[in-house]
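Since the structure comes first, as structure tokens, the remarks are kept for the end.
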Amino acid sequence: MSPEQIDFRAEGDDAWYSATVELDGDVLRLKYCDFSEKHDQILKAGDFKSLSEIELFEDRFRPASVQAQDSECSKVLEGDVVCASSTFENDDLRFYDALVDGVEYHEHARKQGEEEECLCTFILYWLHGPKAGNLTATTIGQICQIQPSGQIDPKVASFLKLARERFLVNGSPALISKGNGSPNMQHKKRFLQCLKQTGYFQYEVFYFLSKKKPVFVNLINETT
Ligand SMILES: [Zn+2]
């Protein structure tokens, strides 16, 4: 059985790549699909400098996104966050997340004996990467649907557990910085954590700040 593919957001260009992982003791080998072994990334559980660094690393993983099919284009809706490909410098095809800003639905082409062809146009608002903040028109072929985060890959989970153990004493963080203990701060942290769990909180703030009224910012101020 071939190892399960996951999506990994690379540190260099912040683009999403299909990858598989291998865990050997406390060493995680990240293998980029369609790239040679020399691009493999080797990570040691002991290399992380803080719990927050581990958390940022964890955020780089998610289940593999699924290519949207021509016949199912009506499932891609305005307001959805999708993972989309685009060509960047040197005709490089890379994947970044984008918000579907609008959809122009058109009747699909149906040739006898062939699958239907989607002729709709999707307007994407890029959330990160070289086109961040820009709108582009694209077709269904460039769109992948992001899968619910759900469970993290078991090998990645084991690796993160090992990495976190260094920073934990009796199951609690070994280092607690001053000032974080106030109830107000705790409340704020919990609230932000809750928003974060709903997914794309940062993207939404970014999107609304740049395009519409900063509704999320008001929301945060009211609760502090
Ligand atoms: Zn269509």
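Please treat every number below as a calculation from the coordinates, not as lab data. What you see is a predicted model, and the numbers here were worked out from it, not measured in a lab. Cβ atoms come from the backbone with ideal geometry, glycine included; neighbour counts cover every protein chain shown.
Tabulated values for the structure
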quantity	calculated
Proximal aspartates and glutamates to Lys161, defined as alpha-carbon separation beneath 19 angstrom and excluding residues fewer than eight positions away on the same chain	Glu22, Asp24, Asp26, Asp47, Glu53, Glu55, Glu58, Asp59, Asp153
Whole-Å semi-axes of the ellipsoid equivalent to the stretch 76-175 (Cα gyration tensor, √5λ, descending)	39, 17, 13
Simple label model, 7 Å out from Cα along Cβ direction - Asp14 to Lys49, nm	2.0
Net lengthening on full extension, Glu37/Asp91 (0.36 nm per residue, minus Cα-Cα)	17.2 nm
Label point distance in nm, Ala157-Lys75, each placed 7 Å from Cα along Cα→Cβ	2.5
